[in-house]
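Computed from the coordinates by the stated procedures, all read-outs in this text should not be read as laboratory data. Computed from a predicted structure; not experimentally measured. Here the Cβ positions follow ideal geometry from the backbone for every residue, glycine too, while neighbour counts run over all protein chains shown.
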Amino acid sequence: MGRVALVTGGTRGIGAEISVALKEEGYVVAANYAGNDEAAAKFMAETGIKAFKWSVADYDACVDGLKHVEDHLGPVEVLVNNAGITRDAPFHKMTPQQWNEVIATNLTGVFNMTHPVWPGMRERKFGRVVTISSINGQKGQFGQANYAASKAGDLGFTRTLAQEGARYNITVNAVCPGYIATDMVMAVPEKVREAIIAQIPVGRLGEAAEIARCVTFLVSDDAGFITGSTISANGGQYFA
Ligand code: CAA
């Protein structure tokens with residue numbers, strides 16, 4: 001049996017591609033999701049990957065959810081913090097609710113999920129944590145003060161845990177996708193999206209599978225010397 005990998009937000013978009021890619025690499029995958037039962041049922045039927053429902057924004061739910069996954073599949077050795085949301089608005093219009101929801105999922109959610117997984121990784125002296133940040137956490141983005149702050153926070157978190165995990169053979173890395181052809185990017189108004197694509201030197205949106213390949217590499221044994229790093233996969237739009 002392969003290692004157990006838990007992917008948050010793992011039934012749709014980039015997360016679904018990561019779940020499938022890890023399964024193809026031989027991992028036993030648990031795909032977490034928060035809300036969309038229909039998409040999760042479809043994902044399970046199509047991939048045979050088990051989906052588990054809880055919100056990463058809720059610490060106690062993460063503790064219970066992890067226990068549930070581990071009771072079913074065994075200790076989680078690979079954690080992919082992928083779950084993320086947007087609530088875009090120019091700052092002068094941004095509400096405290098829009099700010100809090102994004103921070104709760106994209107930043108606190110990474111704490112909530114990594115914290116209960118961490119002691120087992122330390123005890124077993126092996127772990128792989130990959131967090132999906134964003135190009136917009138590196139460069140900022142008009143309309144995304146909340147999202148950019150959360151994704152920049154994910155990078156500080158990653159660099160700190162890399163130092164704390166190193167002696168336990170736990171690597172902690174981040175991937176910063178650029179604009180990828182997912183529901184999240186398709187929700188951006190068409191005109192804005194066209195303007196964004198014009199800023200991408202390769203001239204297209206990225207594919208979710210292109211992000212999944214970064215993750216399968218970072219969690220592999222071959223990547224054991226890579227920790228605290230960020231892979232930017234953005235078609236040349238921004239060099240961090
Ligand atoms: N730079 C400068 N000005 C900009 C701008 C930009 N990038 N984008 C919009 N504006 C300007 C507009 O031209 C407009 O100006 P005027 O009032 O002079 O016409 C003004 O800002 C729009 O202001 P509004 O108050 O009308 O804004 P709005 O309430 O309609 O909201 C928005 C606009 C929500 C920010 C919208 O522009 C938007 O959705 N932008 C895209 C944000 C984005 O890139 N989100 C990424 C989502 S995908 C993702 O997050 C995944 C990932 O990791 C990459």
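Tell me the label-point distance for the pair Arg213, Glu101, using the 7 Å Cα-to-Cβ offset, in nm and rounded to one decimal.
3.5
Longer than 27 Å from Cα to Cα, which of Lys23/Lys67; Lys93/Lys139; Lys50/Lys139; Lys151/Lys191; Lys23/Lys53 are they? Say none if no pair is. Don't jump to the answer; show the numbers that get you there.
On the way: Lys23/Lys67 21 Å; Lys93/Lys139 21 Å; Lys50/Lys139 36 Å; Lys151/Lys191 24 Å; Lys23/Lys53 19 Å.
Checking Cα-Cα distances, Lys50/Lys139 exceed 27 Å.
Could you tell me the relative contact order of the chain? Use alpha-carbon pairs under 8 Å, at least six residues apart, and round to a whole percent. If you can, show how the numbers build up before the last one.
On the way: 478 pairs, mean separation 46.3, N = 240.
Relative contact order, the chain: 19 percent.
Which aspartates and glutamates have a Cα lying under 17 Å from the Cα of Lys42, excluding residues fewer than 8 positions away in the same chain?
Output for Lys42: Glu17, Asp183.
Give the calculated FRET efficiency between Ile196 and Ser229 to the nearest 0.05, with a Förster radius of 22 Å applied to their Cβ-Cβ distance. Mind showing how you got there, number by number?
Details: r = 26 Å, r/R0 = 1.17.
In this case the efficiency is close to 0.30.
What is the extension gain from Tyr59 to Ala89, computed as 0.36 nm multiplied by their sequence separation minus the C-alpha to C-alpha distance, in nm to one decimal?
Numbers: separation 30, 0.36 × 30 = 10.80 nm, distance 2.69 nm.
Extending this stretch completely gives an extra 8.1 nm.
How long is the gain from Ala181 to Met44 if the chain were fully straight, where each residue apart is worth 0.36 nm and the alpha carbon distance is subtracted? Walk me through the numbers before you get to the answer.
Values: separation 137, 0.36 × 137 = 49.32 nm, distance 2.15 nm.
Here the segment from Ala181 to Met44 would lengthen by 47.2 nm.
Could you identify which residue out of His115, His72, His92 has the top mean-square fluctuation in a GNM of the chain using Cα springs shorter than 10 Å?
His92
Using a Gaussian network model on the chain with a 10 Å cutoff between Cα atoms, which of Ala45, Ala30, Ala212 fluctuates the most?
So, out of Ala45, Ala30, Ala212, the one fluctuating most is Ala45.
Output the 0 to 90 degree angle, nearest 10, between the alpha-carbon long axis of helix 59-73 and the longest principal axis computed from the alpha carbons of the chain.
It works out to around 50 degrees.
If each residue of separation counts as 0.36 nm, what is the full-extension length gain between Arg122 and Tyr168 once their alpha-carbon separation is subtracted?
Values: separation 46, 0.36 × 46 = 16.56 nm, distance 0.55 nm.
Answer, rounded to one decimal: 16.0 nm.
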